[in-house]
Amino acid sequence: MMTDGIDIDAVRGIPVKRYHTIIVGTGAAGYAATDCLYRYGVTDIAIVTEGRTMGTSRNTGSDKQTYYKLTLCGEQQDSVRDMAKTLFSGQCMDGEHALAESALSVKRFLKLADLGVPFPTNRYGEYVGYKTDHDPKQRAASIGPYTSRAMTQALEKAVLAESIPIYDQMQVVQILTDCGVCHGVVCLSLNELEKTQYPFQIFLSEFVIYATGGPAGIYRDSVYPESQHGASGVAFIAGAAGKNLTEWQYGIASVKPRWNVSGSYMQALPRFISVDQDGRDEREFLQDYLKEEDSILEKIFLKGYEWPFDVKKLENGSSLVDMAVYLEIVKNKRRVFLDYTRNPLKEKLDYQRLPKTVFDYLRRVDALYDLPFERLLAMNEPAVQFYRDYGIDLKKDRLEIAVCAQHNNGGLSVDLWWQTNIQGLFAIGEAAGTHGVYRPGGSALNAGQVGAERAALFILRHPDKKNKMSGKILEKQVNVLCEFTDKVMGKQSTVTQIQNSISSNMSEVAAILRKPDDIRRNLERVEWLLKYWKKNIKITSAKELREAFLVRDMLISQRLYLFAMKDYIEQGGKSRGSAVYCQATKDVDSQKNIFNTVYYEADTGEKGNIIQEVYLKNGIPYSRYRLVNPIPEDEEAFEKVWKKYRENGNVY
């Protein structure tokens, strides 16, 4: 086949494959989209993935990982609109996403149950629920620490049974576009790095569903699995806009292995200690920040329920524990550990002096034991076994922790059908920015499943795009990758050093504590590294091409995320969600003070109806602001909806 005189079966010797739709990623969202497309009859599809067993949904979890959906048990009243209002109330969330995620939550949940995910039911068949964070009902469901892993495995089994091609060891490095329309992707073929000069594979397609997860690699202190990097930078280069990039979720997690220490890990009341970089000078440090002993114990306990760091819980709440841990690591340059072998503050707990909330809970779960380890074992033996599987015995070993990035509530901006501003490019899962400042725990797992179905349904009803890609444009975009491959080769490798440096900087200046000058300086440094990439990014072997492209993606992602934070500050943005924006001076009456160190002004929700979007234009970052879209009103009669559904499946 010829296009503008260029044989597109190969470009510069790089092979070309064609499919109707390409799905990028093999997590729960990517597999869900693949399964939906196939069952809808769109079968000319293929998956490309950097590593089939990599990714967040397969390799992460928590004390009790949650799936958030409409209530399916008991007599508590609930409705699609009620759940949509809960999601929408998290601020900066568009109403169409809130409504779709609510309306399809039961369908997607029951699909997973039918595929074998063992969500618990009572003896009558009701799917029992519990209350999670930011949840006024009892909509949460769980199968334990590995809920998302079981989802991924069940969906994978369904996809494998359909014999859909999966191209493994394919790292997406380019989204092919022409005049604002997506025409496929180019991948770095990781199995071909030393076999050919340009080890790429071109996939041409009508549609691309981007399920690459969040930009996990941009932070050093991260609870994302080390195999998860994200590929948001590739989308930004292609022209995709970012939405709510300032809004993240952070919390206390173990460093090795990367795992949330929420729930019973905190309710067992472990001791918080710090040591110097050489492991000496051990001391408990929470009392340096929090003076009241009883208050310290209550705040440790509440971290189990209130795991995400939250500005609203800073003044006298459990998030003071996160801030103390963060300052001890970043400001005092010490390492922090949880110790389950001894009680905090004293050798023996005085249960009669414990806050009533703490005492009543420990008594109710039969955990009134002498030591934190004994309490944890009584409450949640699998939580103890999890670390044993990694060679850590909490009965005798300390657990190193940090305040870690856990989830990006923002991401690529998408419409009602999870399509980005690039026609034909859809973003689902954590790659999509459908959440706001706050979100109920477990809503991310549901959003990934709902986005998968929405994208698949749109593609079913709009199977073809009218315009085709110019062969000259295709060759031009491929040439950019070839030039990068040629120019990064050097005498000394810098990629690991850059990776460590820029991820450390992000964790220290752009996580829960954000100072305007630090944000600006780091943005300037990232821009310098990108501007002079031919000098800065170097490898000595083709084996390192993967890392070179990862560093490129990290730098582009960091540029947009830091720019979003800088712009938010310049527009008068204040501390909210999981981020404290420090004030330059303490001489303001309205500012709140943490530990005589951090001064900030809390957002009161006045900007909760405004969404920030950022994008690259001619290589320069820009921002735009708009009002959130309200929850759509349901005004159409059944007959009108039925007619539209018969004609086109209600897809406009």
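Results, tabulated for the structure shown:
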{"item": "Selected residue [of a type in the set (A, V, I, L, M), at pLDDT 95 or above, in contact with a helix residue (DSSP H, G or I) (Cβ under 9 Å, 6 or more places away or on another chain) and in a loop (DSSP other than H, G, I, E, B)] from 376, 394, 345", "result": "394"}
{"item": "Count - residues of the stretch 617-639 that are under 23 Å from residue 93 (Cβ atoms) and of a type in the set (Asp, Glu)", "result": "3"}
{"item": "So residue 578, is it in contact with a Pro (Cβ under 8 Å, 6 or more places away or on another chain) and under 30 Å from residue 170 (Cα atoms)", "result": "no"}
{"item": "Every residue from the stretch 367-407 that is farther than 27 Å from residue 441 by Cα and aliphatic (A, V, I, L, M)", "result": "368, 371, 392"}
{"item": "Criterion (in a helix (DSSP H, G or I) and either modelled with pLDDT under 90 or in the same structural domain as residue 559 (by TED's automatic domain parsing) (or both)) met by exactly one of 294, 322", "result": "294"}
{"item": "Subset tally (residues that are assigned to a loop (DSSP other than H, G, I, E, B) and either among the aliphatic types (A, V, I, L, M) or out of contact with any strand residue (DSSP E or B) (no Cβ under 9 Å at 6 or more places or on another chain) (or both)) for the stretch 134-166", "result": "6"}
{"item": "Residues of the stretch 101-132 satisfying the condition of being under 18 Å from residue 76 (Cβ atoms), surrounded by fewer than 20 Cβ atoms within 10 Å (Cβ to Cβ) and of a type outside the set (Phe, Trp, Tyr)", "result": "106, 120, 121, 122, 125, 126, 128, 131"}
{"item": "Residue 38 vs. criteria crowded, with 24+ Cβ neighbours inside 10 Å, touching a helix residue (DSSP H, G or I) at 6+ places or on another chain (Cβ under 8 Å), of a type outside the set (A, V, I, L, M) and in contact (Cβ under 8 Å) with a residue 60 or more places away in the chain", "result": "no"}
{"item": "Single match in 271, 280 (criterion: free of Cβ contacts under 8 Å to residues at least 60 places away in the same chain, at negative phi and surrounded by fewer than 21 Cβ atoms within 10 Å (Cβ to Cβ))", "result": "280"}
{"item": "From 185, 181, 173, residue being under 21 Å from residue 30 (Cβ atoms), hydrophobic (A, V, I, L, M, F, W, C) and either in contact with a Leu (Cβ under 6 Å, 6 or more places away or on another chain) or surrounded by fewer than 19 Cβ atoms within 10 Å (Cβ to Cβ) (or both)", "result": "173"}
{"item": "Answer residue from the stretch 610-630, given it is surrounded by fewer than 14 Cβ atoms within 10 Å (Cβ to Cβ) and in a loop (DSSP other than H, G, I, E, B) and is farthest from the chain's Cα centre (by Cα) among those", "result": "618"}
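The values are calculated or read from the model by the stated rules, or taken from the named source; none is laboratory data. All figures in this text were calculated on a predicted structure; none of them were measured in a lab. Glycine also receives a Cβ, built like all others from the backbone with ideal geometry; neighbour counts cover every protein chain displayed.
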